[in-house]
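A.B. asks: One structure follows; several queries about it will come next.
The values are calculated or read from the model by the stated rules, or taken from the named source; none is laboratory data. For clarity, every value in this text was computed on a predicted model and none was experimentally measured. Cβ: placed from backbone, ideal geometry, glycine included. Neighbour counts: every protein chain shown. Just so you know, the surface numbers come from the protein's heavy atoms only, side chains and all, with ligands and any DNA or RNA stripped out. Shrake-Rupley method; radii C 1.70, N 1.55, O 1.52, S 1.80 Å.
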Amino acid sequence: MQAFESQKRSFPAIFIRGEYFFVALFFVLLWGAILGGSGSLFSDYHLADDNEILSVQEDLSMNTWGSVFTKWFRKDLNGSHRFRPFYFIHRVLLTKWLGANFTTWLFYAGVLAVLTSFLLYYGCRLTSFSWLDSILFVLLTLLGPQAVVWWSLGPNENIAMLLLAASWVCMLFAIRHPRYKFCFRSTMVVFVILSALSKESFILMIPAFVYLMAWSYRLHNGTSWQKAWIANFWAVLILLIFTISVLLIIGASVGFGGYGAQGGGISHFDLSLFIRAAITAIDVSLSFSTIGAGLVILLCAFLFLFFSSKRIDRSFTTNAVPSLILFGLIIVPQFMIYARCGIFGRYILPLMLGYAGLLISFLEFLRKDDSRFSFERKNLIKILLTSVVVFVLIGYLFISRSFFEKMDFLLFKRFSAVAIVIVMGIFMAILYWAVCATRRNKHGFSLYRFGFWLTVCLVVYKLMLSFVGARAFAQEGRENKALFSFLEEHTGPQDNIMVINDEKNFRGEAAFAIKEFLRIKCGRPQTSFFVPPTFTGICPQHQDDKTLSGSASCVVIFSIHENGILQCPPAWFKRKEYERIQIGSFIVYFLAK
């Protein structure tokens, strides 16, 4: 993080006057390309959490908004052991306004992505980062596996991230405009609290946010730490009291065990939990398929310390120590609560704010004194070759190979994981050489430009991950739509439909989501779902289950379970009486006519 100071902008004149307009347009085009180009914007109904919207809409048709919110909040509190009151206020209100038009919901999620991107960029600019580093900060934070929150309708990280970004901007406004500080600080406190009440992991961001507030005030006003804390005393006190209070409420009402092994939570503190958190931190920090920024930070820091030992001065340590403290305050609590299940997908938010902030702060420091951290040309080839080798080896060790096994984007499916990383390393070297040739840098090797292009490579990779994830999401939506169309065509309102799912090896709510859509949207109330204990050598034994009596006009099976069902089918399932058709990842058996 840098001091608040005016900068000489490098924009062409036409962009200087309309910087924020063009940046907003860039984010609109970026998320429009990801969401619209992948087809996810028009992918309609999905089997994760979308059924909740249908159920809320059904409840709203019979009850008041307040009673519906109370029902779903209590259900979440008692059934899922979660504490997300504002998430359900937001969800119930949106359902009341938008109904069950899933395209409108997905468009709204895209709007949240654009607003969050712009607010994060604006916060960086108010903190005096360059416009290019500010864009990199946004892309590092929001692109990658965590981008799923912008095309899925269940995650609560999207509204929480928007509120957190808005609170950051309000905090900076309060510092820059003391005359209106009460208004901005009050708004900031409200946004921080609402963000924490949207997702539990954001509660643990409050200590980091409080520290950032004091640090920002100190940098802007040139005061001591003591004066900075005193100046923000009431805001700090309110936020810390809220944090302690809400943690006590959670501990008393639902506990800290979480809602299962697949989610976050701390069931007990012991040495193994700390060890696992540390291993998880190393793994995902270096993995290009999760965070990846740790690899870039590690490599750039190695080169910085190795070649710059005589160039380090007090200005670096003055900014480095608070940056590292802020980094620790952000990431350590997140790794602790997700040590049990691991960091993946949407759990990377808000964790990624710490990595992106540390990396961009480091790059900004190098950029402001580029000539001092440049090295002779005779060392250039050695540095580049060493860096590419380290980059490839570490990247290969921690890359998610399963991603490339499933990937069918362009021609990448023909390459192994190591080949992809080698290509990225070569691409990084080519970009750097191009910059050197264009600028004719007399100093030879610039550590800033090296780190910058390495970060650009990471962002490009994250962009690829985001698009592939959005396209897979769109494909799932098309398969669901095809399934429902087929079932509507081949069944009547009174026909029995059976959906079979294995919750131990697949998403447990998927069968229920199909059942709810058929019941509410397709007018098929006789839909049942059956979840056998397991398909691994044990026959399903639920003779007392009424859903297994009689026969079904259609039987829907997830393709990964078909062999298990056919090896030991329920008593009512007569294979010869049914015709079989595959619809994407679904297998449908329907009575022959």
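A.B. asks: Taking H placed 1.01 Å from N in the peptide plane, check which residues at least 5 places from residue 529 or on another chain put their amide H under 5 Å from its amide H.
C.D. replies: Here 499 satisfy the definition.
A.B. asks: Would region 549-593 count as rounded, prolate or oblate if I go by the C-alpha gyration tensor, calling it rounded below 1.5 in a/c and otherwise prolate when a/b exceeds b/c, oblate otherwise?
C.D. replies: In terms of gyration-tensor shape, oblate.
A.B. asks: How much accessible area does residue 558 have with a 1.4 Å probe, in Å² rounded to the nearest 10?
C.D. replies: Counting only protein heavy atoms, the figure is 10 Å².
A.B. asks: Right, something else. Where the accessible area of region 62-152 is counted over protein heavy atoms with a 1.4 Å probe, how much of it, in %, is carbon and sulfur? Could you put the intermediate results ahead of the total?
C.D. replies: Details: 2170 of 3140 Å².
C and S fraction of accessible area: 69 percent.
A.B. asks: Please calculate the 1.4 Å probe accessible area of residue 323, with all protein chains present, and give it to the nearest 10 Å².
C.D. replies: 20
A.B. asks: HN-Hα J couplings of region 559-571 from phi, Karplus 6.51/-1.76/1.60, θ = phi - 60°, integer Hz, Gly and Pro as x?
C.D. replies: Going residue by residue, I get 4, 5, 9, 4, 4, x, 5, 5, 5, 8, x, x, 4 Hz, with x marking Gly and Pro.
A.B. asks: Still on this structure, please answer the following. Note down the net charge around residue 199, summing +1 for each Lys or Arg and -1 for each Asp or Glu among other residues with Cβ under 15 Å from its Cβ.
C.D. replies: Working: positive: 82, 84, 91, 346; negative: 49, 76, 157, 200.
Once all neighbours under 15 Å are counted, the net charge is 0.
A.B. asks: In addition: What is the set of long-range amide H partners of residue 340 at a cut-off below 5 Å, with H atoms built 1.01 Å from backbone N?
C.D. replies: When sequence neighbours closer than 5 places are left aside, the close amide H contacts are 265.
A.B. asks: Determine the gain in length on full extension of the stretch residue 245-residue 581; use 0.36 nm per residue of separation and subtract their C-alpha separation, reporting nm with one decimal. Don't skip to the answer; put the middle values down first.
C.D. replies: Details: separation 336, 0.36 × 336 = 120.96 nm, distance 5.50 nm.
Stretched fully, the residue 245-residue 581 segment lengthens by 115.5 nm.
A.B. asks: Can you list residues from other chains, or at least 5 along the same chain, whose modelled amide H is less than 5 Å from the amide H of residue 583?
C.D. replies: 588
A.B. asks: Could you sort 515, 368 by their accessible area in this structure, using a 1.4 Å probe and putting the largest first? Don't skip to the answer; put the middle values down first.
C.D. replies: Values: 515 40, 368 85 Å².
From most accessible down to least: 368, 515.
A.B. asks: A further question follows. Ordering 150, 65 by how much accessible area each has at a 1.4 Å probe, largest first, what is the list?
C.D. replies: Descending accessible area places them as 65, 150.
A.B. asks: Over 32 Å between Cα atoms, which of 368/462; 75/481; 481/576; 71/521; 515/576 qualify? Intermediate values should be presented prior to the final figure.
C.D. replies: Details: 368/462 27 Å; 75/481 29 Å; 481/576 27 Å; 71/521 22 Å; 515/576 25 Å.
Result: no pair exceeds 32 Å.
A.B. asks: With a 1.4 Å probe and all protein chains kept in place, how do 139, 132 rank by accessible area, largest first? Present the calculation step by step, with values, prior to reporting the outcome.
C.D. replies: On the way: 139 20, 132 65 Å².
Result, largest first: 132, 139.
A.B. asks: How large is ³J(HN,Hα), in whole Hz, for each residue of region 207-213 in order, when computed from phi with the Karplus curve 6.51 cos²θ - 1.76 cosθ + 1.60 and θ = phi - 60°, using x for Gly and Pro?
C.D. replies: Per residue, the Karplus-derived 3J(HN,Hα) values read x, 5, 5, 5, 5, 4, 4 Hz.
A.B. asks: Let me ask something else. Through the Karplus equation 6.51 cos²θ - 1.76 cosθ + 1.60, θ set to phi - 60°, convert the phi angles of region 338-355 into ³J(HN,Hα) values in whole Hz; use x for Gly and Pro.
C.D. replies: Residue by residue, region 338-355 yields 10, 5, 6, 9, x, 9, 7, x, 5, 5, 5, 9, x, 3, 5, 4, x, 5 Hz.
A.B. asks: Given a 1.4 Å probe and the protein chains all in place, what does the accessible area of residue 217 round to, in Å² to the nearest 10?
C.D. replies: Accessible area, nearest 10 Å²: 50 Å².
A.B. asks: Could you tell me the relative contact order of region 104-162? Use alpha-carbon pairs under 8 Å, at least six residues apart, and round to a whole percent.
C.D. replies: Worked out over region 104-162, it gives 53 percent.
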